[in-house]
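> Sending over a structure as structure tokens; questions will come in a sec.
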Amino acid sequence: MKIMPNRMDYGFLKYQHEFEEKALAVLRSGWYILGKEVASFEENFAAYTGAKCCVGLASGLDALWIAVKLLGIGPGDEVIVQGNTYIASVMGITINGATPVFVEPDAYYQIDADKIEEKITERTKAVMVVHLYGHVADMDKITAICKKHGLKLIEDCAQSHGALYKGKMTGTFGDAGCFSFYPSKNLGAFGDAGALVTNDPELAKEAKIFRNYGSEKRYYNKVAGANSRLDELQAGLLNVRLAHMQEITQERQHLAEVYSRELCQDQIILPQTRPDTVPVWHQYVIRVDRRQELIDYLNEKGIGTIIHYPIPPHLSEAYQALGYTRGDFPITENYADTVLSIPLYTDMREEEQRYTIDCINSFT
Ligand SMILES: *Cc1c(COP(=O)(O)O)cnc(C)c1O
């Protein structure tokens with residue numbers, strides 16, 4: 001059996017007829033940018049998350065850097081972020097000339113809320129929380145810290161569409177929730193797409209102006225903005241997928257539950273769920289010391305795996321100028337050396353998961 005670590009064709013085929021119908025309708029409409037599909041997706045996604053407003057954008061990275069910028073953060077400012085995130089979170093900060101300040105993760109792979117306050121200086125302007133792998137950060141503690149110190153709170157929800165903390169959806173706890181709809185995300189488009197959600201109508205209005213060259217009225221430019229529009233085709237396809245989001249999420253939760261129940265292998269550490277949260281399992285991430293051996297062994301069996309992520313941002317060549325070296329963030333580095341994501345995707349077949357479990361359990 002051949003099993004890919006992730007595959008997107010099943011997720012398309014499952015709702016193929018609806019996707020194809022919508023794509024044709026948009027193509028035939030003669031209207032391709034900022035039209036009724038984008039407007040309805042913004043309304044639908046705001047309702048889904050429980051946020052007041054949603055602004056469709058061109059990517060998750062755009063949602064991050066535009067949120068950081070519109071919250072008034074720039075050169076000389078510091079933003080606190082977890083060390084073990086995908087590098088795009090950090091780029092959302094550095095594109096604006098601001099400085100990322102890293103915090104080690106907790107046992108759930110999220111920012112360790114107990115280590116945030118020691119990193120706050122008079123330059124700190126915001127905390128960026130990343131709900132990594134579809135799990136959820138400790139939001140009560142983090143919102144209290146932000147309130148106490150007058151910091152903005154930005155949530156990177158690129159992996160957490162629908163994940164809940166005490167019944168409330170990630171992305172709605174702070175000033176802005178930033179989402180990616182890159183095809184492999186839980187709510188995936190068929191190209192690049194993103195959005196930010198906020199309870200602040202003023203911020204939403206500014207983001208809508210900013211994404212369209214800073215113009216509210218055609219050819220009258222209020223600010224020097226960007227081109228970061230979500231297009232009609234992607235918005236239409238996202239509307240189709242969003243309508244099935246509950247089913248898509250429940251399926252991932254079921255697959256994760258089966259893994260957690262059936263994997264029995266004393267060399268691996270299974271992912272744990274924080275109390276009072278409902279994760280959406282963007283990835284099922286195990287930890288194993290003999291990682292390369294497990295990867296090679298599974299490869300031989302036809303099973304693909306991915307490392308999310310092998311090089312933490314503070315050790316990335318892109319951020320050499322920050323001056324960090326190995327040893328500066330030992331937990332982050334240990335995770336980078338031991339994490340492994342095993343196959344999990346929409347419409348994963350029972351026999352595919354059975355085979356994956358059996359192979360992992362018989363690794364010696
Ligand atoms: C995918 C991802 C992003 C970036 O989203 P794009 O749409 O690819 O720009 C940002 N942060 C995290 C945690 C991600 O997983």
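> Sorted from largest down, give the three principal axis spans of the alpha carbons of the chain, whole angstrom values.
Each principal axis gives a Cα extent; for the chain these are 66, 54, 37 Å.
> For a quick size check, give me the Cα extents of segment 1-132 along its three principal axes, largest first, whole Å.
54, 45, 26
> Still on this model: Take the solvent-accessible surface of the protein heavy atoms, probe 1.4 Å, and return the percent of it on segment 69-186 that carbon and sulfur atoms account for.
50
> Per the Debye formula with a single identical scatterer at each Cα and no solvent contribution, what log10 I(q)/I(0) holds for segment 110-245 at q = 0.14, 0.18, 0.19 Å⁻¹?
For segment 110-245, the Cα-only Debye profile gives -0.74, -1.08, -1.15.
> GLU117: accessible area at probe 1.4 Å, nearest 10 Å²?
Roughly 80 Å² of GLU117 is accessible to a 1.4 Å probe.
> Continuing with the same structure: Along the positive direction of the dipole of the chain (beta-carbon charges: Lys, Arg +1; Asp, Glu -1; about the Cα centre), which of VAL55, CYS178, SER316 reaches farthest?
In the chain, that residue is VAL55.
> Continuing with this model, one more query. Over segment 287-352, with every protein chain in place, what whole percent of the accessible area is carbon and sulfur at 1.4 Å, could you tell me?
45
> How large is the convex hull of the C-alpha atoms of segment 157-306 per residue, in Å³?
Output value, Cα hull per residue: 164 Å³.
> Taking a 1.4 Å probe, which of MET169, MET91 shows the most accessible area, and what order do the others take after it?
MET91, MET169
> Can I ask one more? Please compute the contact order of segment 116-205 in relative form: average sequence separation of alpha-carbon pairs under 8 Å and at least six residues apart, divided by the residue count, as a percent.
Once divided by the residue count of segment 116-205, the mean separation gives 22 percent.
> What whole-number value in cubic angstrom gives the convex hull volume per residue for the C-alpha atoms of segment 73-153?
Here the figure is 75 Å³ per residue.
> Restricting to DSSP loop positions (anything but H, G, I, E, B) with no more than 10 other Cβ atoms inside 10 Å of their own Cβ, which chymotrypsin sites (Phe, Trp or Tyr not before Pro) remain in segment 197-266?
Listed in order of number, the matching sites are TYR219.
> What order, most packed first, do the peptides 30-42, 71-83 have when packing is the mean number of other Cβ atoms within 10 Å of each residue?
So the peptides 30-42, 71-83, ranked by packing, come out 71-83, 30-42.
> Next up: What FRET efficiency comes out for ASN227 versus ALA318 if R0 is 25 angstrom and r is the Cβ-Cβ distance? Round to the nearest 0.05.
0.60
> To the nearest 10 square angstrom, what accessible area does GLU257 show with a 1.4 Å probe?
110
> Along the Cα-to-Cβ line of LYS119, 7 Å from the Cα, sits a label point; which residues in segment 290-322 have backbone N less than 11 Å from it?
314
> With point charges of +1 on the Cβ of Lys and Arg and -1 on the Cβ of Asp and Glu, referenced to the Cα centre of the chain, which listed residue (MET1, GLY72, MET245) lies farthest in the positive direction of the dipole?
GLY72
> When only Cα pairs under 8 Å and 6 or more residues apart are kept, what is the percent relative contact order across the chain?
23
> Viscosity 0.890 mPa s, temperature 25 °C: give me the Stokes-Einstein translational D for segment 313-364 in µm²/s, with Rh taken as the Kirkwood radius over C-alpha pairs.
173
> With the dipole of segment 76-131 worked out from charges on the C-beta (+1 for Lys and Arg, -1 for Asp and Glu) around the Cα centre, which of MET91, VAL129, TYR109 lies farthest toward the positive end?
Positive-end residue among those listed: MET91.
> Ranked by accessible surface with a 1.4 Å probe, highest first, in what order do ASP358, ASP276, ASP266 come?
Ranking ASP358, ASP276, ASP266 by accessible area, largest first, yields ASP266, ASP276, ASP358.
The values are calculated or read from the model by the stated rules, or taken from the named source; none is laboratory data. Not measured: the values here are computed from a predicted model. Ideal geometry is used to build each Cβ from the backbone, glycine not excepted, and the neighbour counts take in all protein chains shown. Side chains included, ligands, DNA and RNA excluded: accessible areas come from the protein's heavy atoms. Shrake-Rupley method; radii C 1.70, N 1.55, O 1.52, S 1.80 Å.
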